[in-house]
1. What number goes with the only condition from (1) within 26 Å of the chain's Cα centre (by Cα); (2) at pLDDT 90 or above; (3) surrounded by fewer than 21 Cβ atoms within 10 Å (Cβ to Cβ) that ASP147 does not pass?
2. Inspect all residues belonging to the range 206-215 and state whether any of them is among the aliphatic types (A, V, I, L, M), under 27 Å from THR183 (Cα atoms) and part of a helix (DSSP H, G or I).
3. Given the conditions (1) aliphatic (A, V, I, L, M); (2) under 30 Å from VAL207 (Cα atoms); (3) surrounded by fewer than 15 Cβ atoms within 10 Å (Cβ to Cβ), and given that VAL129 satisfies all but one, which numbered condition is not satisfied?
4. So, of the residues in the range 76-125 that are in a helix (DSSP H, G or I) and of a type in the set (Ser, Thr, Tyr), which turns out to be farthest from VAL243 (Cα to Cα)?
5. Does the range 269-284 hold any residues that are surrounded by 12 or more Cβ atoms within 10 Å (Cβ to Cβ) and either modelled with pLDDT under 90 or assigned to a helix (DSSP H, G or I) (or both), and which are they?
6. Given ILE165, ILE182, ILE239, which one is in contact (Cβ under 8 Å) with a residue 24 or more places away in the chain, closer than 20 Å to THR298 by Cα and among the aliphatic types (A, V, I, L, M)?
7. Please specify each residue of the range 253-268 satisfying the condition of being over 22 Å from ALA163 (Cβ atoms) and either buried (at least 20 other Cβ atoms within 10 Å of the Cβ) or small (Gly, Ala, Ser) (or both).
8. So, LEU249, is that one farther than 25 Å from ILE179 by Cα, assigned to a helix (DSSP H, G or I) and touching a residue at least 12 places away in the same chain (Cβ under 8 Å) or not?
Amino acid sequence: MSTRARDIVAGEDADKDAGSAAPPTAEIVQGPVGAAPDFDPSDLIPDDSGQNWRRWFNSWTIRGVAVLIAVGLWHLVTEFDVNYIMNFENVPEPALVFDRFLGHIVTVEFFIHVAVSVKRILIGFGFAVVLGILVGLVMGRSRLAEDLLIPYIEVLRPIPAVAWIPLAILMWPTEESSIVYITFLGAFFPIVLNTIHGAEQTPDVLVRAAESLGASRVGIFWHVVIPAALPSIAAGLAIGMGVSWFSLLAGEIISGQYGIGYFTWNAYSLIQYPDIVVGMLCIGALGTTSTYLVKLATKPLLRWQKTEMSGK
């Protein structure tokens, strides 16, 4: 064997001996003592802010386009005086309605009408919320209370607000109180029925678990029944707000002197067709805004639903 070959063989033997003596280890790079690690646990949580913003933007873009389409169709049928199935010859054009709206919002009288209607809604709906939730919870958890009260609710509930107006005028000393009473009735029945449904749907397993832990009947009612019924109560409040506006306007048309309902009916009596549409659109805007505020107010009470869904 040549000298060069012997050197190569000797080198390979030395490498084998070194490998068997000490196994190779990975090199560990350490930073300064006490330094914070580069890993942040929050990096594992996906950032949905951009996606949520895009979803919100797309949703409102579609809604805006839908409104523009409706206004465009409104303009076309009034511009060409369409008279097929429905007659649009006397319906004012959007531009004329918008011009009259701009003329009204600079007057104090228009805002008095709006303020009076909002005040009536706040009073009537406020009473309906308190009494409706109370009665609904009791009826939902007590068979005796349900049997006693459900006949009255089922008989009175289908009566429209207009039918209540003559009797309300006879029952209450002032027209204002009769209108508030009609508004109260409009919101009361949806709130009661939805509250009853929510209380009846309380899972029995939760009630039995609370009883096994020594909870009293009052504690079960407060900590189990009411939270379980909150989604249905929130739905009833939103529905009741819409029905209360319908009932209020019926009362204002017949016996009111102020209010957006009176403004709309008075415009019809004076043959001011653009003002009729102005009143209708204001009613829709006020009803939508008030319903949104109700949903916004109940949203913190339903935060546990989002936590439960995220945990599944």
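The values are calculated or read from the model by the stated rules, or taken from the named source; none is laboratory data. Just so it is clear, the structure is predicted and the values come from calculations on it, not from any experiment. No Cβ is skipped: glycine too gets one built from the backbone with ideal geometry, and neighbour counts run over all protein chains shown.
1. (1)
2. no
3. Against the list (1) aliphatic (A, V, I, L, M); (2) under 30 Å from VAL207 (Cα atoms); (3) surrounded by fewer than 15 Cβ atoms within 10 Å (Cβ to Cβ), VAL129 comes up short only on (3).
4. Here the answer is THR78.
5. TYR273, PRO274, ASP275, ILE276, VAL277, VAL278, GLY279, MET280, LEU281, CYS282, ILE283
6. Testing whether each residue is in contact (Cβ under 8 Å) with a residue 24 or more places away in the chain, closer than 20 Å to THR298 by Cα and among the aliphatic types (A, V, I, L, M) leaves just ILE239.
7. Once the filter is applied, which keeps residues that are over 22 Å from ALA163 (Cβ atoms) and either buried (at least 20 other Cβ atoms within 10 Å of the Cβ) or small (Gly, Ala, Ser) (or both), the range 253-268 yields PHE263, ALA267.
8. Answer is no for this residue.
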